[in-house]
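The values are calculated or read from the model by the stated rules, or taken from the named source; none is laboratory data. These numbers were taken from a predicted model, which means no experiment stands behind them. Don't worry about glycine lacking a Cβ; one is built from the backbone with ideal geometry, like all the others, and counts go over all protein chains shown.
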Amino acid sequence: MQYDNPIVITGPPRSGTTWMQFFLCSHPNIYIHGQEPKLSWEESTQWLDKMIQAGEWGEKSNRSKTVKDYAIPHYSGSDPQRCESIWRKMIYEFISGYGNQKSGQTKWGHKALWLCARKKEVKTLLRVWSNAKWIICIRDPFLSFESQKNTFVKNQNLEEWIDLWIKSYEFYKSNNESFLFQIDNLSQKNNEEKEEFICDLLRFLGESKTAETDRFISEWKVVHKARPDVERQFRLGDKRRNEMFEKYSKLKAYMQELGYKNG
């Protein structure tokens, strides 16, 4: 069904998630809806948990001595599978409200920052959307942190950022249905290397490149640049970087795996 198994673009902010959204929307068969508003994935997955719990209670209570012989069930509710089906449809209908998904765009998706680092929510989503395709956008953690501080969240906490960055990369490493996107590394590649990467990405999604995707890559648009470089004053010092390496033992190794020199 249309609301089953989305493409999930996720990862840290300021790491190419919006670029990936725009790129995939250039494909005639794909539409990626914008990131979640104030409704969090934590809240929405709690709804599902409550629906399932209420349904199970209703089923048990309908078998109780008092009402088990009633011709009409005394308590309402649904079994877990139906609850999940209702929830999938509800989430799709809510997310897609402001989008412009056309009838021919049979594959849909959603951009959700940091979602891959939220283990409890991810566990639910992997169960409910068992065939979802996850695109994990990762960028140098220190540079993306600086960008976030210089644009949208001036009081962003570095420790929280590094912790979630590590969890995001670990999700990619542990999930076979995920694809890694490093916009900072890809932007430095030549056109042939970029084309090879894009073909791999689209193949992962069960699609092929088109004239529209070729045009998007050839133009290599800058997307969502929130503030000019001259206005970006915050820079992370070596002392704080070294503190993060000391506090998070996996950070240096992961950065090295990803080809970041600071690792």
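Within the bounds of region 107-127, is there any residue that is among the charged types (D, E, K, R) and within 19 Å of Gly55 (Cα to Cα)?
Checked region 107-127: at least one residue is among the charged types (D, E, K, R) and within 19 Å of Gly55 (Cα to Cα).
Out of region 84-123, which residues are among the acidic types (Asp, Glu) and more than 21 Å from Asn29 (Cα to Cα)?
Glu84, Glu121
Suppose the filter is in a loop (DSSP other than H, G, I, E, B) and either in contact with a helix residue (DSSP H, G or I) (Cβ under 9 Å, 6 or more places away or on another chain) or within 16 Å of Tyr3 (Cα to Cα) (or both); does His27 pass it?
Yes: the conditions hold for His27.
Each row is one residue, and each column tells you yes or no for (1) within 30 Å of Lys154 (Cβ to Cβ); (2) touching a residue at least 40 places away in the same chain (Cβ under 8 Å); (3) not in a loop (DSSP other than H, G, I, E, B).
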| position | (1), (2), (3) |
| --- | --- |
| Asp4 | no, yes, no |
| Leu39 | yes, yes, no |
| Ile52 | no, no, yes |
| Ser64 | no, no, no |
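Within region 76-94, take every residue that is over 25 Å from Leu202 (Cβ atoms) and among the aromatic types (Phe, Trp, Tyr) and give me the one that is farthest from the chain's Cα centre (by Cα).
Looking at residues that are over 25 Å from Leu202 (Cβ atoms) and among the aromatic types (Phe, Trp, Tyr), I get Trp87.
Run down Gln148, Gln182, Gln156 and say which single residue is closer than 12 Å to Gly11 by Cβ, more than 13 Å from the chain's Cα centre (by Cα) and at pLDDT 95 or above.
Gln182
Please go through region 153-207 and pick out each residue that is among the polar types (S, T, N, Q), surrounded by fewer than 16 Cβ atoms within 10 Å (Cβ to Cβ), in contact (Cβ under 8 Å) with a residue 12 or more places away in the chain and in a helix (DSSP H, G or I).
Of everything in region 153-207, just one residue is among the polar types (S, T, N, Q), surrounded by fewer than 16 Cβ atoms within 10 Å (Cβ to Cβ), in contact (Cβ under 8 Å) with a residue 12 or more places away in the chain and in a helix (DSSP H, G or I), namely Asn191.
Ser78 versus (1) closer than 27 Å to Cys25 by Cβ; (2) in a loop (DSSP other than H, G, I, E, B): which is the lone unmet condition?
(1)
Report, by residue number, each residue of region 95-113 that is within 30 Å of Phe145 (Cα to Cα), more than 16 Å from the chain's Cα centre (by Cα) and in a helix (DSSP H, G or I).
Answer for region 95-113, where residues must be within 30 Å of Phe145 (Cα to Cα), more than 16 Å from the chain's Cα centre (by Cα) and in a helix (DSSP H, G or I): just Tyr98.
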